[in-house]
Amino acid sequence: MHPDIEKLMNLQRYDLEAKRLRDEMTALPKLVAQLETKAKATVGQRAVVLELIAKEEVLRRRQESDVRDKQEKIARVKKQMDAATSTVQVTAFDHEITYLKAEIGKLEDAELDSMERSEELEKQKLVANEAVAAAEQKHATERERATATIALNKAALVDVEARRATARAAVGEDALSLYDRIAKAKGTGLADAVNQKCSACQMLLRPQRWNDLRDRDNHEIFTCESCGRLLYYDPARDSPQRKVVQFESIAAQIVRGS
C-alpha cells in the first residue's frame, strides 16, 4: 500500500465526520420548522372544528328564537280566533295555527339535527385538542433537542476540523491534490476493494489490478477504472469464499497456460 493511502483513509474519516456534523446541523432546523408547520396545521384544523361548533350554536339560537316567535304568534292567532265572528275566520285562523305548528315541528327537528352535529363536532374537538397537544409537545421537544445537538456538533466540528487539518498536512501534496479532486467530484475520494470489487461503484477489478492492489510490497496508488476513486485493500474484509474462487481462477489460468 502506498504510504499516503493510509493517511488519506484517516483524512477521509475526518472528512466524512465533518460532513455528517454539518449535514445534521443543516437538517435539524428544517425538521424543527416542519414540526412547527405541522403543529400550526393541527391548530388550524381545530379552529375549523371550533368554528363549526360556534355556527351550530348560532343556528340553534336562531331556531329557538324562531320557535318562540311562532309560539307567540300562535297565542295571538288563538286570541283572534276566540274573537272571530264567522266560520270562515275561524277556519282561516285554524289553518294558520296548523301551519305555524308544522313550522315549529320542522324547526325543532332541525334543532335536534344541529344538536347531533354538535355532539359529533365535540368529539372531533377532543381529538383535535389531543393532536394539537401532541404536535406542540413534539415540536418543543425536537426544538430543544436540535438546539442541544447543534451546540454539541459545533464543538465537535471544531475538534474534527483541527484533526482534519493535521491529517491533511501529513499527506503528500500530489496524493492530497488527487484525493481532493476525486472527493469534490464523487463525494468520497477513497474506496476499499472487497471481493475484487470497488465498494463504492461495485465494479469488478481486473485480476492483475486486484492482485497488484493486494500485494503488500506494491506501493503504487491504484484507482478504480470505473469511478476513479483511490482504492485500498483490507484483507480482513475479503471473504474466504471469494479467496477460494480467486485461487481456483488463478489455478485454471496456470493450467490453460501450460
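The values are calculated or read from the model by the stated rules, or taken from the named source; none is laboratory data. In this text the structure is predicted, and so the values were computed from the model without any measurement. Don't worry about glycine lacking a Cβ; one is built from the backbone with ideal geometry, like all the others, and counts go over all protein chains shown. Ligands, DNA and RNA are stripped out before the accessible areas are found, and what is left, the full protein with its side chains, is counted by its heavy atoms. Shrake-Rupley method; radii C 1.70, N 1.55, O 1.52, S 1.80 Å.
Tabulated values for the structure
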item: Positions within the stretch 32-59 being within 30 Å of Lys106 (Cα to Cα), of a type in the set (Val, Ile, Thr) and touching a residue at least 12 places away in the same chain (Cβ under 8 Å), in sequence order; result: Val49, Ile53
item: Filter result for Ala169 (small (Gly, Ala, Ser) and open to solvent by less than 80 Å² (accessible area, probe 1.4 Å)); result: no
item: Residue within the stretch 16-34 that is within 28 Å of the chain's Cα centre (by Cα), farther than 30 Å from Arg163 by Cβ and assigned to a helix (DSSP H, G or I) present; result: yes
item: Matching option when the condition is in contact (Cβ under 8 Å) with a residue 24 or more places away in the chain and either over 36 Å from the mean Cα position of the chain (by Cα) or not in a helix (DSSP H, G or I) (or both), among Glu64, Glu122; result: Glu64
item: Among (1) at pLDDT below 95; (2) farther than 30 Å from Val171 by Cβ; (3) of a type in the set (Asp, Glu) - the single one Asp69 does not satisfy; result: (1)
item: Close pairs from the stretch 72-93: first without any contact (Cβ under 8 Å) to a residue 24 or more places away in the chain and over 19 Å from Ile104 (Cα atoms), partner among the β-branched types (Val, Ile, Thr) and surrounded by 11 or more Cβ atoms within 10 Å (Cβ to Cβ), Cβ under 8 Å, at least 6 apart; result: Met81/Val90; Met81/Ile97; Ala84/Val90
item: Evaluation of Gln124 against (1) under 26 Å from Val58 (Cα atoms); (2) open to solvent by less than 50 Å² (accessible area, probe 1.4 Å); (3) not acidic (Asp, Glu) (one fails), failing number; result: (2)
item: Of all residues in the stretch 5-26 being of a type in the set (D, E, K, R) and without any contact (Cβ under 8 Å) to a residue 12 or more places away in the chain, the one that is most open to solvent (accessible area, probe 1.4 Å); result: Arg13
item: Residue list for the stretch 146-168, filter: free of Cβ contacts under 8 Å to residues at least 40 places away in the same chain and either within 28 Å of Lys38 (Cα to Cα) or touching a Leu at 6+ places or on another chain (Cβ under 9 Å) (or both); result: Thr147, Ala148, Ala151, Leu152
item: The stretch 204-214, residues that are outside any helix (DSSP H, G or I) and surrounded by 12 or more Cβ atoms within 10 Å (Cβ to Cβ); result: Leu204, Leu205
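For (1) at pLDDT 95 or above; (2) under 30 Å from Met25 (Cβ atoms); (3) more than 32 Å from the chain's Cα centre (by Cα); (4) loosely packed, with under 14 Cβ neighbours inside 10 Å, each residue gets a yes or a no:
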site	(1), (2), (3), (4)
Ala155	yes, yes, no, yes
Thr188	yes, yes, no, no
Asn195	no, no, yes, no
Leu231	yes, no, yes, no
Arg237	no, no, yes, yes
Arg242	no, no, yes, yes
